[in-house]
Amino acid sequence: MQTAVVKCTINGVPTETVVDVRASLTDMLRNEYRLTSVKKGCEVGECGACNVLIDGECFNSCIYLAVWADGKDIRTLEGLLGKNGELSDIQQAFIDEAAVQCGFCTPGFIMTAVEILESKKLYTRDELRKLLSGHLCRCTGYENILNAVEKTMKRRLGVE
């Protein structure tokens, strides 16, 4: 087994770990750092359950090698919590809009929503639908998820 040292920042904390060079970022985050919001769904980049932000951009961590994360800033759902464990506005919106059922896909959806929200752009509902289209959900029917993202976007931009 060939290994490499990966130094990166995860949820604001500088880290260093030795990984198998074949390991995915999903495996590193789950196995080495116990960040279980990063879900193993399809493991081929199709479902979005493993989405994390890497230097502010969403990636399917299942098809992103852990070694590629060297020097990067990684954010997972756990990194959205406030200092006292309070939920972020987008997490609360998912609750308020009943955008969660089984919850398996939710962390990935929320991380994509964070990327959308941090762009500070006003998207149409159709544009949001396209931006969120990299996710599969078997429970919600997607509309409540779309509502949560749209309402949070409009609230942040001061557009009601």
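The values are calculated or read from the model by the stated rules, or taken from the named source; none is laboratory data. All values derive from a computational prediction rather than experimental measurement. Positions of Cβ are backbone-derived with ideal geometry, glycine not excepted, and every protein chain shown enters the neighbour counts. Areas reflect the complete protein model, heavy atoms only, side chains present, ligands, DNA and RNA absent. Shrake-Rupley method; radii C 1.70, N 1.55, O 1.52, S 1.80 Å.
For log10 I(q)/I(0) by the Debye sum over Cα atoms at q = 0.10 Å⁻¹, one of [x] -0.35; [y] -0.30; [z] -0.49 was computed from the structure I shared and the rest are decoys. Which label?
[x]
Suppose every K and R has +1 on its Cβ and every D and E has -1 on its Cβ; what is the size of the dipole of the range 1-151 about the Cα centre, in Debye to the nearest 20?
140 debye
Which one of 12, 45, 100 has its Cα pushed farthest toward the positive end of the charge dipole of the chain, where Lys and Arg give +1 and Asp and Glu give -1 at the Cβ?
With unit charges placed on the Cβ atoms, the residue in question is 100.
Report in % the part of the accessible area of the chain that belongs to carbon and sulfur, leaving out ligands and nucleic acids; probe 1.4 Å.
Roughly 50 percent of what the probe reaches on the chain is carbon or sulfur.
For the charge dipole of the range 1-110, defined by +1 on Lys and Arg C-beta atoms and -1 on Asp and Glu C-beta atoms about the Cα centroid, which residue among 76, 60, 29 has the Cα displaced farthest towards the positive pole?
Farthest towards the positive pole: 29.
Just report the Cα centroid separation between the range 107-140 and the range 31-78, whole Å.
Taking the Cα centre of each part, the range 107-140 and the range 31-78 sit 16 Å apart.
What does the highest-first list of 56-63, 78-85, 110-117 look like by mean Cβ count within 10 Å?
Ranking the peptides 56-63, 78-85, 110-117 by packing returns 110-117, 56-63, 78-85.
Using only the alpha carbons of the range 1-66, what is the convex hull's orientation-averaged projected area in square nanometres?
4.2 nm²
Might you tell me the accessible area per residue for the range 1-109, computed with a 1.4 Å probe and given in Å²?
Here the residues of the range 1-109 average 50 Å² of exposed surface.
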